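What follows is one structure encoded as structure tokens, with my remarks underneath.
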Amino acid sequence: MRQQFMRDEPGWLGQDLTVFPRVGSTNQVLRERLSQENVPLGATVIALEQTAGRGRLGRVWTSLKGQGLYVSVVLYPPSLPQGGILSLLAGVALTDAVRDLTKMDAGLKWPNDGIIHGKKYAGILVEAGRLAIPWAIFGLGINVNGQAPEEFSHAITLAQAGADSLTLEALWQKLSHYLEARYERWLVDGHESILSAWRRYSVTLGHEVVAQGLSGTVTGVAEDIDEQGRLLIRHASRLIPISSGELSVRAANGSYTP
Ligand code: BTN
């Protein structure tokens, strides 16, 4: 099974590769490895099913067998960047990959939900910390095959969106390519390379939003993101930065989509 997910181009990301038919959480596997041993840059864990997939804000990430690509990658940023730039980076690479493979109009809802046809097909959980050096784990969950569970009316799979012959292996080939390329470019060119791509892919900017964060609820128009990847919401004459939380975006019919 590992063979199927080996990169078909040279590169450091994914050379150290573990593939599990079933595991608790790919992020957790790498966290435990980091606490026990020296883990090479780009070490990757892929699972075909997760029994304890973790989402943002303490949620569960439903990870059904064969339906999705559940993958985590270890990176060592030179310092721990303030804010969510790393998760924006992961979202941009994901969108590059899906657009390249499917030619569909994939976008990003702040901070980093993968969106197609107004529905979420992918989520990203970046966990970061410092041992001897700073580390980050990029965790991506991408709904690929079959139908999104009915209880999630705002969820979609890539197959439902029209990419019904996409394999998990082909998706990993493109995703690993773009994750590596975007990360290398960020190291050289800095945040702006990510922010400008994120703005192009955004389905959030220019829309009325409701943000529920730690410091309460903010409503207004999502105007931009700043250097740290915070969302800047225009509320009357003020521009309010939001660094984390739950965002709803007003759709054309006036309803707010989670
Ligand atoms: C979100 O809430 O939108 C983020 C979901 C992230 C899920 C992925 S699946 C692979 C990796 N392992 C986990 O336990 N979570 C992330």
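The values are calculated or read from the model by the stated rules, or taken from the named source; none is laboratory data. A quick note: this is a predicted structure, and the numbers were derived from the prediction, not measured. Cβ sites come from the backbone with ideal geometry, for glycine too, and all protein chains shown count toward neighbours.
Overview of values
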| quantity | calculated |
| --- | --- |
| Odd one out for GLY229, checked against (1) at pLDDT 95 or above; (2) in contact with a Phe, Trp or Tyr (Cβ under 9 Å, 6 or more places away or on another chain); (3) closer than 20 Å to GLY83 by Cβ | (1) |
| Qualifying residue in the stretch 111-122 (condition: on the phi > 0 side of the Ramachandran plot, touching a residue at least 12 places away in the same chain (Cβ under 8 Å) and not acidic (Asp, Glu)) | yes |
| Criterion violated by THR102 - all others in (1) buried (at least 24 other Cβ atoms within 10 Å of the Cβ); (2) more than 14 Å from the ligand (Cβ to nearest atom); (3) over 30 Å from ILE233 (Cβ atoms) satisfied | (1) |
| Filter result for SER63 (part of a loop (DSSP other than H, G, I, E, B), among the small types (Gly, Ala, Ser), touching a strand residue (DSSP E or B) at 6+ places or on another chain (Cβ under 9 Å) and within 12 Å of the ligand (Cβ to nearest atom)) | yes |
| Single residue of the stretch 105-120 satisfying the filter (farther than 15 Å from ALA197 by Cα and touching a helix residue (DSSP H, G or I) at 6+ places or on another chain (Cβ under 6 Å)) that is nearest to the ligand (Cβ to nearest atom) | ILE116 |
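Conditions tested, residue by residue: (1) aliphatic (A, V, I, L, M); (2) within 10 Å of the ligand (Cβ to nearest atom); (3) under 22 Å from ILE194 (Cβ atoms); (4) outside any loop (DSSP other than H, G, I, E, B).
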site: ASN27; (1), (2), (3), (4): no, yes, yes, yes
site: GLU32; (1), (2), (3), (4): no, no, no, yes
site: VAL45; (1), (2), (3), (4): yes, yes, no, yes
site: TYR70; (1), (2), (3), (4): no, yes, no, yes
site: PRO77; (1), (2), (3), (4): no, no, yes, no
site: GLN82; (1), (2), (3), (4): no, no, yes, no
site: ILE124; (1), (2), (3), (4): yes, yes, yes, yes
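Condition check ((1) at pLDDT 95 or above; (2) of a type in the set (Ser, Thr, Tyr); (3) in the same structural domain as LYS119 (by TED's automatic domain parsing); (4) over 24 Å from ASP96 (Cβ atoms)) across all residues:
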{"site": "VAL188", "(1), (2), (3), (4)": "yes, no, yes, no"}
{"site": "SER196", "(1), (2), (3), (4)": "yes, yes, yes, no"}
{"site": "GLY213", "(1), (2), (3), (4)": "no, no, no, yes"}
{"site": "GLY216", "(1), (2), (3), (4)": "no, no, no, yes"}
{"site": "ASP224", "(1), (2), (3), (4)": "yes, no, no, no"}
{"site": "ILE233", "(1), (2), (3), (4)": "yes, no, no, yes"}
{"site": "ALA236", "(1), (2), (3), (4)": "no, no, no, yes"}
